[in-house]
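Before any comments, here is the structure.
The values are calculated or read from the model by the stated rules, or taken from the named source; none is laboratory data. None of the values given here were measured: they were computed from a predicted structure. Reconstructed Cβ throughout: ideal geometry from the backbone, glycine too, with neighbour counts over all protein chains shown. Heads up: the accessible areas ignore ligands, DNA and RNA and are worked out on the full protein's heavy atoms, side chains in. Shrake-Rupley method; radii C 1.70, N 1.55, O 1.52, S 1.80 Å.
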Amino acid sequence: MQIHRFAIAIMAALLAAGAARAETIGFAQVGSESDWRTAFSADMKAEAARRGIKLLFSDADNDAARQQEAVRGFIAACVDAIVIAPVVVTGWTETLQLAKAAGIPVFIADRAVDANPDLFVARIAADFNLEGRLAAAWLAQATRGTCGVVELRGTEGAEPTIQRRKGFLAVLSQFPSMRLLRSASGGFTSEGGKRVMEGFLSTPEGLKDVCAVWSHNDNMLLGAIEAMHAAGLRPGRDQLTVSVDGVPDIFRAMQAGDANMSVELKADIGKYIFDVVQGYLAGKRNFPKWVLIPSDLHTPADAASMLARRGG
Ligand code: GYE
């Protein structure tokens with residue numbers, strides 16, 4: 001009799017495990033504007049496949065309204081959970097309230113929203129303000145605190161643009177001989193960075209008095225480097241460069257002497273995100289509101305090892 005009950009219990013557990021249907025998770029991605037973004041998307045898809053998660057993937061192509069629509073589509077489809085990498089911080093309250101009313105947990109990845117934190121479970125992301133501070137601190141030591149800087153800003157209204165700029169300016173203000181001379185948005189794309197640099201170069205003063213280029217991401221800087229070469233300049237030498245992401249092409253630019261420092265933003269964050277999402281769906285509740293992704297900093301000294309690590 002005893003054995004019979006035990007067998008039934010095992011059977012029930014196996015059945016329950018066996019029958020547990022794959023989770024369906026909606027992922028609203030920003031777009032494919034940069035090498036980092038493309039690597040992040042690939043990592044999310046691979047990690048979901050590894051875990052047997054059915055991932056509904058939407059690419060907003062940097063269109064905030066389109067992204068809202070995609071999230072409302074996930075709500076209508078009654079997915080088990082929603083992950084959002086928001087194009088911009090604003091305008092999310094209503095949609096998040098809809099998800100909450102439908103009982104669908106929401107997780108913010110990579111960027112941030114300015115909605116009430118009660119409307120999402122957790123944010124999984126790096127500290128963009130820290131990235132800006134690291135970039136300025138590195139530049140201050142490299143220039144002994146005397147430098148005129150031009151800035152390539154990311155997408156207007158996006159959290160990394162707001163915070164990287166804030167962090168950079170906070171440190172710059174500590175050095176009276178370091179000044180931001182010009183700033184323009186390149187939308188986080190290579191073409192955008194090239195266009196902004198061509199704009200700077202077309203002014204009468206060009207890059208006179210400019211000792212460094214600060215870019216909110218590597219792709220814009222790579223576009224700017226192209227424009228600087230076309231103008232007969234030597235980026236990485238005539239002007240120092242600092243940027244963020246740590247994509248393979250910035251390490252190649254470092255090896256070519258065209259770039260000097262990049263703050264690494266980890267792209268393989270699928271495991272961090274799905275650990276939180278699946279943990280929550282399995283009943284876990286004690287998550288920090290902000291699950292911090294660690295940053296790192298790279299120079300030509302470790303460009304070769306970083307490229308090897310990235311399979312470059
Ligand atoms: O730095 C950039 C991408 O959201 C932090 O978005 C991310 C940024 C990243 O376009 O390459």
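Some points to look at:
A quick yes/no check of all residues on (1) in contact with a His (Cβ under 8 Å, 6 or more places away or on another chain); (2) modelled with pLDDT of 95 or more; (3) over 18 Å from ILE225 (Cβ atoms):
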{"position": "GLU156", "(1), (2), (3)": "no, yes, yes"}
{"position": "GLU159", "(1), (2), (3)": "no, yes, yes"}
{"position": "ILE162", "(1), (2), (3)": "no, yes, yes"}
{"position": "ARG165", "(1), (2), (3)": "yes, yes, yes"}
{"position": "GLN174", "(1), (2), (3)": "no, yes, yes"}
{"position": "ARG195", "(1), (2), (3)": "no, yes, no"}
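- Any chance LEU180 is more than 25 Å from ARG310 (Cβ to Cβ), part of a loop (DSSP other than H, G, I, E, B) and open to solvent by 10 Å² or more (accessible area, probe 1.4 Å): no
- Set side by side, the residues VAL121, VAL150, VAL171 differ, and just one is β-branched (Val, Ile, Thr), under 24 Å from THR203 (Cβ atoms) and away from the ligand (no atom under 16 Å from the Cβ), which is VAL150.
- Identity of the residue in segment 38-58, in contact (Cβ under 8 Å) with a residue 12 or more places away in the chain and within 13 Å of the ligand (Cβ to nearest atom), that ends up surrounded by the most Cβ atoms within 10 Å (Cβ to Cβ): PHE40
- Selected residue (criterion: farthest from ARG164 (Cα to Cα)) from residues of segment 87-143 that are among the small types (Gly, Ala, Ser) and either in a helix (DSSP H, G or I) or in contact with a Cys (Cβ under 6 Å, 6 or more places away or on another chain) (or both): ALA101
- Condition met for LYS194 (open to solvent by 30 Å² or more (accessible area, probe 1.4 Å), over 30 Å from ILE108 (Cα atoms), among the charged types (D, E, K, R) and within 16 Å of the ligand (Cβ to nearest atom)): yes
- Filtered residues of segment 251-281 (kept if hydroxyl-bearing (Ser, Thr, Tyr) and either within 22 Å of SER34 (Cα to Cα) or in contact with a helix residue (DSSP H, G or I) (Cβ under 8 Å, 6 or more places away or on another chain) (or both)): SER262, TYR272
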